[in-house]
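Notes follow once the structure below has been shown.
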Amino acid sequence: RERGFRFLDHLVSIDCTADCKKAVCVRQQDATMITQEVFLNTSELEFNCRLSRVGNSVVGWGVVDCAPAGHNSHIIWHTDVLRSYGAVGDARGGGKIVVEKTLLGEVPQIVDGDVVGVLVRDQRCRLTHNGVVFHTILLPPEKEFRFAVSLSELLQTVEIIDCSVVIPRLLYNVDRGFQFHCFGPSFDCSEDGTLLTCTQSGGCTAFTQQALQPVRSFTFRVKVRALPGTGPIIWGIVRDNPLGFARNSIGSYKLEGSVGVKCWRDEGSLIRAGRGDSNLSGVVEGDTIGVDLNRGMLEFSNNEKVLCKVVLDTSYSN
């Protein structure tokens, strides 16, 4: 499960790296790469690719049938590519959304370095561009699908950068405590899962291996070892199997359902849905920040002083 998605390396016009994570167009021809992995519309999944050498031709991304006839010589909006749902964009802007054989509204302009992706949840396919959902499509029931990327110009390149499947969880054990998952590209984690170090700037969220239920009671504490830069530290709660955690911070509207406290050295605020709701004190090296969950009530603290409280209504990880 931690391996994530891989391209199926079987096309004449597109080559893949040995790990099947990067695909490069090696022949001027329309074609659609599909993943080795198959999923149902009831799955909860995320698939993201970084684009490079976009050029002047189109790039497509989305979801196709598990056995898409015609994909070896067509992009996903072609009528021969069975059950395709996605987007086709280019550097000029004005691309199209694809729902089977129907073309809908415009797609954001794409350039080198952009991250395009698909979120599958609640039997819906959500198309994303740089972490922002721009269109949602209802998937048909009782069908198997694959994620797909279409290339059409020599040297166009896509690389799978992060993807979340059903992430393995551990039961909480009082003696063992909490451990971090280290799935994000911006963190290094100690072998025991208790020490987390940020290795590059940018929004990214690490979360615990243990998932919590709001009806239970838990205490979570983290000692701040170092704050070398000017950016804030954010801690809080995210949904179990959080989609978008590799590119977004707790409390961002892009990290759906998360809530936390965002603190600089001199000030802070409760943050959710991208908005700060209150003025709080700051955090410095040596402080112990924490979250207490007590039967649906969430308390944020710094050095055992309660900063604010929030009521929860679903399953979460720290």
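The values are calculated or read from the model by the stated rules, or taken from the named source; none is laboratory data. Quantities reported herein were computed from a predicted structural model and do not represent experimental measurements. Quick reminder, even Gly has a Cβ in these numbers, built from the backbone with ideal geometry, and neighbours come from all protein chains shown. Keep in mind that these areas ignore ligands, DNA and RNA; they rest on the heavy atoms of the full protein, side chains included. Shrake-Rupley method; radii C 1.70, N 1.55, O 1.52, S 1.80 Å.
With the condition kept exactly as written, say whether any residue in region 5-15 is under 17 Å from Ile160 (Cα atoms), without any contact (Cβ under 8 Å) to a residue 12 or more places away in the chain, open to solvent by 10 Å² or more (accessible area, probe 1.4 Å) and part of a strand (DSSP E or B).
Yes, some residue in region 5-15 is under 17 Å from Ile160 (Cα atoms), without any contact (Cβ under 8 Å) to a residue 12 or more places away in the chain, open to solvent by 10 Å² or more (accessible area, probe 1.4 Å) and part of a strand (DSSP E or B).
Go through region 210-233 and count every residue that is part of a strand (DSSP E or B) and aliphatic (A, V, I, L, M). Give the steps one after another, and end with the answer.
At the first step, the residues of region 210-233 found to be part of a strand (DSSP E or B) are 210-212, 217-223, 233.
Imposing the further condition that a residue be aliphatic (A, V, I, L, M) reduces the set to 211-212, 222, 233.
Result for region 210-233: 4.
For region 96-128, which residues satisfy the criterion of being out of contact with any Pro (no Cβ under 8 Å at 6 or more places or on another chain), part of a loop (DSSP other than H, G, I, E, B) and closer than 21 Å to Glu144 by Cα?
Glu100, Lys101, Asp122
Condition test on Val88, is it within 23 Å of the chain's Cα centre (by Cα), modelled with pLDDT of 90 or more and open to solvent by less than 10 Å² (accessible area, probe 1.4 Å)?
yes
Does any residue of region 178-194 turn out to be open to solvent by 40 Å² or more (accessible area, probe 1.4 Å), of a type in the set (Val, Ile, Thr), at pLDDT 85 or above and within 27 Å of Asn294 (Cβ to Cβ)?
yes
Checking Arg121 against (1) open to solvent by less than 40 Å² (accessible area, probe 1.4 Å); (2) touching a strand residue (DSSP E or B) at 6+ places or on another chain (Cβ under 7 Å), only one condition comes out false. Which one?
So Arg121 meets the others, but not (2).
Any idea which of (1) at pLDDT 90 or above; (2) under 22 Å from the mean Cα position of the chain (by Cα); (3) of a type outside the set (Lys, Arg) is the one Val99 doesn't satisfy?
(2)
Select, from Ala69, Ala31, Ala23, the only residue that is of a type in the set (Gly, Ala, Ser), touching a residue at least 60 places away in the same chain (Cβ under 8 Å) and farther than 11 Å from Ala148 by Cα.
Ala23
Return the residues of region 18-45 that are of a type outside the set (A, V, I, L, M, F, W, C), crowded, with 21+ Cβ neighbours inside 10 Å and in contact with a Phe, Trp or Tyr (Cβ under 9 Å, 6 or more places away or on another chain); say none if nothing qualifies.
The one that is of a type outside the set (A, V, I, L, M, F, W, C), crowded, with 21+ Cβ neighbours inside 10 Å and in contact with a Phe, Trp or Tyr (Cβ under 9 Å, 6 or more places away or on another chain): Thr35.
What number of residues within region 60-77 satisfy the criterion of being farther than 23 Å from Arg124 by Cβ and either open to solvent by less than 20 Å² (accessible area, probe 1.4 Å) or not polar (S, T, N, Q) (or both)?
3
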